[in-house]
Amino acid sequence: MISFQNAHLAFGDRVIFDSLNWMIPPRSRVGLVGDNGVGKTTLLRAIIGNLELDSGSINIVDRKNTTLGYLPQDLIELEPLNILDFLKKRTGLFDLEILMKTYEEQVSNCPPNDPEYKNSLKNYEMAVNAFQVKEGYAFDARARQMLHGFGFRDSDFSKKCSEFSGGWKMRILLSVILLSRPDIMLLDEPTNHLDTESMEWLENYLRDYTGTLITVSHDRTFLDKITTQTAELSRGRMTIYKGNYSFYLSEKERRRLALLKEMESQKAEIKKIRDFVERFRYKATKAAQVQSRVKMLEKMEIIQAEGSEKAVRISFPPCPSSGRDVISVRGLSKSYGDAKVFSNVNFTVTRGEKIALVGMNGAGKSTLSRLLSSVEAPSAGDIRYGLNVKLSFFSQESAENLNYSSTILEDINNTPTRCNDQEKRNLLGTFLFSGDDIYKPVAVLSGGEKSRLALLKILLQDANLLILDEPTNHLDMKTRDIFQQALLDYNGTIILVSHDRYFLDRLISRVIEIRNGQTIEYKGNYSYFIAKREEELNNAATLPLTKTFGSADQDIESKHVRKEMRRLEAEERNRRSKMRTALKRNLSTIEQTIMTLEGNKKEIEEILCTPDIYRNPEKLKMFRQELHAIDKKLERSYTEWDDLTLQSEALDNTTGEGTAPFSGGGHNSSNAVQP
């Protein structure tokens with residue numbers, strides 16, 4: 001359990017949380033929400049102990065034996081190891097493997113009568129047990145399956161982690177957390193760098209997670225599927241809602257309306273009391289009653305409601321109408337050297353359509369959007385634009401086209417638009433540029449701020465075709481909803497790449513999926529596309545030799561898993577064979593020792609049975625002492641033989657002859673797993 005007790009944290013005059021008392025029971029699944037900059041990431045860092053509170057405390061029951069996994073929002077550099085070695089090192093398996101080999105050699109080379117033998121064998125058994133608890137024998141297979149789920153290919157496993165881009169590095173860090181199976185998992189924007197397929201895979205994985213989960217995310221679908229409790233951080237206070245994000249929205253509105261009703265009732269009561277006071281203030285016979293009501297007003301705690309937020313709407317300038325066929329694509333192909341992205345793509349976009357380009361990371365969504373925007377030229381094929389088409393293109397690289405020598409307001413004012421000054425300022429505020437922020441130089445803005453400014457400039461332009469590549473990445477939920485409504489009201493044509501499933505579902509009416517270098521069209525929204533794809537996958541499962549989507553990938557993955565399992569089983573058989581050989585050798589040695597001692601004992605006992613021995617007290621004493629020493633050696637030898645026999649039986653019975661141990665999910669003993 002995690003408990004906040006009167007926790008207070010502030011940076012200067014900005015209070016993050018004040019007098020915070022919050023109990024998070026084990027196995028909770030909490031969505032931490034709030035406006036951008038409110039302090040959600042700061043709160044997560046305080047839980048793991050990276051920030052010191054000004055006062056109060058954050059306690060974790062049995063913290064010494066509780067493991068924490070923390071995925072930061074900001075990228076950190078990774079070591080130049082290949083992916084599997086990196087995962088083994090970060091999860092602690094690499095060190096355990098070294099320990100096991102070290103103790104195994106000590107046991108094999110140590111005679112059973114050596115005082116260090118038992119200690120080495122005990123250490124080996126402890127290391128093997130820890131390795132089993134972490135599912136070490138199945139680690140390679142589990143890691144490969146997880147990496148496949150996050151979109152990595154087999155060819156990526158030999159690459160060094162430092163060679164990957166930022167988004168792929170975050171996937172590697174997320175894999176470390178999931179493979180470690182910590183007791184408490186803190187995930188800060190885990191879906192930011194995932195495509196929709198990877199997000200769905202992550203959601204399925206987290207459904208079976210039995211620990212405590214606290215996550216910050218702007219993905220509404222992710223929060224609805226994964227969380228059962230929502231904690232809203234606002235103005236230094238925490239408000240708990242016992243439901244997912246959709247429940248939180250409806251319950252928050254219900255509470256607001258109830259509070260407003262209570263506030264109105266109190267206002268009416270206050271007015272009634274004040275009217276009485278004013279009416280009878282100077283009447284002596286009513287003095288006591290007037291005084292009583294005055295005291296009542298003084299003691300009354302005034303109910304204050306935040307009220308509903310002012311409805312904010314943004315809109316695109318009315319755009320000129322284009323021809324019916326906006327874009328016609330015929331025989332389109334794109335390659336980079338020998339790497340083919342897609343080939344022979346054909347489709348037509350008509351006026352007013354809102355289309356989503358979807359597919360796994362690396363499928364070619366961004367490449368196609370650049371081709372459609374004439375940023376890049378195709379390797380083959382033709383793209384034709386209809387009559388009077390005016391195009392605006394947004395991508396993460398659009399921030400490079402900002403005027404870095406101007407301020408935010410100057411850059412906006414220099415953008416050709418029909419919007420007046422007030423409309424520009426309204427847009428700036430909606431995109432989180434308010435107050436003196438609009439006078440900031442563009443050059444000092446963060447990556448997210450530059451991206452928001454570039455998107456804002458797209459809104460100002462007089463275009464009737466928008467091609468948008470991940471436009472919502474740096475928008476909070478409130479701004480996403482406002483932007484989404486603007487796109488819904490937009491009377492032009494939209495081609496959109498996005499991983500935000502809720503955003504897509506409400507907006508688009510046609511999906512073009514890029515799969516295995518080809519495009520497949522679905523006439524419906526994103527939910528329709530998911531349902532149809534699921535249907536195809538189910539059909540593929542009953543036809544394992546077909547070439548439909550998923551079957552080839554699944555077959556390849558299954559082959560890798562089976563191959564890895566066979567390798568692990570062979571490795572475990574070899575390991576156990578070595579241990580068995582050493583035990584048999586030691587058993588043979590101790591049995592020979594016992595036979596020799598028993599023979600010596602029998603000889604002495606026969607001597608002690610002869611009458612003549614009692615005529616020589618010195619000899620009698622010597623034989624008795626020798627017999628006593630033999631008995632002691634035999635006792636030790638019998639005990640050692642019993643131990644070796646039990647160890648041999650345990651070695652055979654732990655997992656069965658020649659079978660690698662795949663034990664259930666325990667937890668590692670380290671205190672924290674932080675990439």
Under a 5 Å amide H to amide H cut-off, with H placed in plane at 1.01 Å, what residues pair with Phe342 once short-range neighbours are removed? Lys334
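Using 0.36 nm times the number of residues separating Ala10 and Asn539, minus their current alpha carbon distance, what extension gain do you get?
184.8 nm
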Segment 215-331, relative contact order [Cα under 8 Å, separation at least 6], %: 17 percent
Can you give the three extents of the C-alpha atoms in the chain along their principal axes, from longest to shortest, in whole Å? 129, 96, 50
Nonlocal amide H pairs with Leu81, under 5 Å, H built at 1.01 Å: Cys161, Ser162
Label-point separation (nm) for Lys340 and Asp95, each offset 7 Å from Cα along Cα-to-Cβ? 4.9 nm
Here segment 606-613 yields Karplus 3J(HN,Hα) values (6.51, -1.76, 1.60; θ = phi - 60°; whole Hz; Gly and Pro given as x) of 5, 5, 5, 8, 7, x, 5, 4
Förster radius 22 Å - calculated FRET efficiency between Lys160 and Ile76 (Cβ-Cβ, nearest 0.05): 0.90
Order of 105-112, 606-613, 352-359 by packing, highest average Cβ count within 10 Å first? 352-359, 105-112, 606-613
Over 22 Å apart: what share of the alpha carbon pairs of segment 158-257 falls there, rounded to a whole percent? 37 percent
Along principal axes, Cα extents of segment 249-299, largest first, whole Å: 53, 17, 10
Mean separation of Cα contacts under 8 Å, 6 or more apart, over the residue count of the chain: relative contact order %: 17 percent
Per residue of segment 470-478, in order, report the coupling 6.51 cos²θ - 1.76 cosθ + 1.60 (Karplus, θ = phi - 60°) as ³J(HN,Hα) in whole Hz, putting x for Gly and Pro. 6, x, 9, 4, 10, 10, 6, 4, 4
Ranked list, fewest to most other Cβ atoms within 10 Å of each Cβ, for Thr66, Thr415, Thr227: Thr415, Thr66, Thr227
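Cα-Cα over 32 Å: which of Lys242/Lys272; Lys242/Lys424; Lys159/Lys334; Lys159/Lys242?
Listed pairs above 32 Å: Lys242/Lys272; Lys242/Lys424; Lys159/Lys242.
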Using 0.36 nm per residue, how much length does the chain from Arg636 to Glu52 gain when fully extended, once their Cα-Cα distance is taken away? 204.6 nm
If unit charges are put on Cβ atoms (+1 for Lys and Arg, -1 for Asp and Glu) and the dipole of the chain is taken about its Cα centre, the option from Val375, Thr479, Phe276 lying farthest towards the positive end turns out to be Phe276
What is the packing order of peptides 475-481, 377-383, 150-156, 278-284, taking the mean over residues of other C-beta atoms within 10 Å and listing the highest first? 475-481, 150-156, 377-383, 278-284
Sorted from largest to smallest, which semi-axis lengths in Å does the alpha carbon gyration tensor of segment 325-542 give for its equivalent ellipsoid, taking the root of 5 times each eigenvalue? 32, 19, 17
Taking every alpha carbon pair in segment 426-533, what does the distance histogram look like in 5 angstrom bins from 0, in percent? 2, 10, 20, 22, 17, 12, 9, 4, 3, 1
Given a Förster distance of 45 angstrom, what is the FRET efficiency for Thr42 paired with Ser108, based on the Cβ-Cβ distance and rounded to 0.05? 0.30
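Once every DSSP H run of n ≥ 4 in the chain is given -39500 (n - 2.57) and the sum is divided by its residues, what mean residue ellipticity at 222 nm do you get, rounded to the nearest 500 deg cm²/dmol?
The helix-only estimate for the chain comes to -15500 deg cm²/dmol at 222 nm.
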3J(HN,Hα) from dihedral phi, segment 163-171, Karplus parametrisation 6.51/-1.76/1.60, rounded to Hz, x for glycine, proline: 7, 7, 6, x, x, 6, 5, 5, 5
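Quote the charge dipole size of segment 249-299 about the Cα centre in Debye, to the nearest 20; the model charges only the Cβ of Lys and Arg (+1) and of Asp and Glu (-1).
Taking the Cα centre of segment 249-299 as origin, the dipole is about 180 debye.
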Sorted by average packing, counted as other Cβ atoms within 10 angstrom per residue and highest first, what order do 593-599, 254-260 take? 593-599, 254-260
May I ask for the equivalent-ellipsoid semi-axes of segment 96-166, computed as the square root of five times each C-alpha gyration tensor eigenvalue and listed largest first in whole Å? 37, 13, 8
Give the whole-number value, in cubic angstrom per residue, of the convex hull volume spanned by the C-alpha atoms of segment 38-156. 182 Å³
Normalised Cα Rg of segment 252-369, dividing by 2.2 N^0.38 Å with N its residue count, works out at 2.50
Restricting to bridges with both residues inside the chain, how much of the DSSP beta-bridge set is antiparallel, in percent to the nearest 5? 50 percent
Work out the FRET efficiency for Leu260 and Val61 from their Cβ-Cβ distance, taking R0 = 41 Å, and round it to the nearest 0.05. 0.55
Length gained if Glu626 through Arg207 is fully extended, taking 0.36 nm per residue and subtracting the Cα-Cα distance, is 143.9 nm
Let's see if you can work this out: charge +1 on each Lys and Arg Cβ, -1 on each Asp and Glu Cβ, no other charges. What is the dipole magnitude of segment 1-151 about its Cα centre, in debye to the nearest 20? 480 debye
When Lys and Arg each count +1 and Asp and Glu each count -1, what net charge do the other residues less than 11 Å away from Asp325, Cβ to Cβ, add up to? +2
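Rule-based calculations on the coordinates, nothing more; no lab input. On a predicted model such as this, the values are computed, not experimentally measured, just so you know. Methodologically, a virtual Cβ is constructed for each residue, glycine included, from the backbone with ideal geometry; neighbour enumeration extends over all protein chains shown.
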